[in-house]
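Engineer: First, the structure itself, so that you have it in front of you.
The values are calculated or read from the model by the stated rules, or taken from the named source; none is laboratory data. If you're wondering where the values come from, they're calculated on a predicted model, not measured in any experiment. For neighbour counting, all protein chains shown are included, and Cβ atoms are generated from backbone atoms with ideal geometry for every residue, glycine included. What goes into the accessible areas is simple: the full protein's heavy atoms, side chains included, and nothing from ligands, DNA or RNA. Shrake-Rupley method; radii C 1.70, N 1.55, O 1.52, S 1.80 Å.
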Amino acid sequence: EMRRTGMRVDPVERERHRVRLAAAADAAVMRVHAAAGRAVNPASPDQVRNWLFDECGIARSSIDTDAGEPSTNKSALYELLTRALPPNVTAFIDALLDHRRAEKMLSTFVVAAEPGRDGRVQPTWNPTTVVTGRMSSSDPCVNNIPATKDDPDSLRSMYVAAPGNVLVAADLEQVELRVVAALSGDNVWLDAFRRGLDVHRVNAAAFFGDRYDDIPKWKRSFAKNFTYRLLYGGGPQKACEQMRLV
């Protein structure tokens, strides 16, 4: 029923996002070229690998491809950014990540969201494929649209209600952690929920030894990612990789 109903797309907003993301991708390419001092195709792992590891002599990360080559995926690049790199290498990686981000958003969330004759997209909803129990979607993907912290000009503006209707957003606030708190009987978490505190800030304060009111956004994100990795059995390696992305 959800697929048959579909989601209404505003064609003007969709085109606006297409233009801005294409421009962002083009601007990132120019930054890649400027940092490298020559033309390097950011969409080519071989060209990126050659410039970073051969021309610049940067030591490879701990992540390899299946073929044994030094990886240039996001986790590998974030690992490189933890090092003391030359300014032009840091600028190159930053521009490369921005290019990939713009291209992914453009292809996954804009180009793929081609509405039909009725002005709607009909994604397929997959209730059993995500290990966390959440629902996913495909053709197009509509439930992983980046949040405003990653894309202030949110792509969510593409989706609108039909005339005479409104869109309603609802969220089960930290429901997984509430279940864990109830099952484990953890007094710190139970007290936090009873008092209406942000449990991720509570965890960050305990983790870093800081006051609750002094926790910056990045420390909250660190604690949040670590907590969910721990609860869903991510393991130490996965947890460390995720921490580099915060």
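Engineer: Can you pull out every residue in the stretch 189-230 that is under 12 Å from LEU177 (Cα atoms) and over 20 Å from the mean Cα position of the chain (by Cα)?
Structural biologist: Once the filter is applied, which keeps residues that are under 12 Å from LEU177 (Cα atoms) and over 20 Å from the mean Cα position of the chain (by Cα), the stretch 189-230 yields TRP189, LEU190, ALA192, PHE193, ASP198, VAL199, ASN203.
Engineer: Does ARG60 satisfy being open to solvent by less than 60 Å² (accessible area, probe 1.4 Å) and touching a helix residue (DSSP H, G or I) at 6+ places or on another chain (Cβ under 9 Å)?
Structural biologist: In short, no.
Engineer: While we're looking at this one, here's another question. Identify the single condition in (1) of a type in the set (A, V, I, L, M, F, W, C); (2) in contact with a Lys or Arg (Cβ under 9 Å, 6 or more places away or on another chain); (3) open to solvent by less than 50 Å² (accessible area, probe 1.4 Å); (4) in a loop (DSSP other than H, G, I, E, B) that LEU172 does not satisfy, given that it satisfies every other one.
Structural biologist: Unmet for LEU172, out of (1) of a type in the set (A, V, I, L, M, F, W, C); (2) in contact with a Lys or Arg (Cβ under 9 Å, 6 or more places away or on another chain); (3) open to solvent by less than 50 Å² (accessible area, probe 1.4 Å); (4) in a loop (DSSP other than H, G, I, E, B): (3).
Engineer: Looking at the stretch 153-179, I want the residues that are farther than 30 Å from ARG194 by Cα and have a partner that is open to solvent by 50 Å² or more (accessible area, probe 1.4 Å) with Cβ atoms under 6 Å, at least 6 apart or on another chain. Which pairs are those?
Structural biologist: Qualifying pairs under 6 Å: SER154/THR148; TYR159/MET7; VAL160/ARG8; ALA161/LEU167; ALA162/ARG8.
Engineer: From the list THR124, THR129, which one is surrounded by fewer than 16 Cβ atoms within 10 Å (Cβ to Cβ), modelled with pLDDT under 90 and farther than 26 Å from ALA22 by Cα?
Structural biologist: THR129
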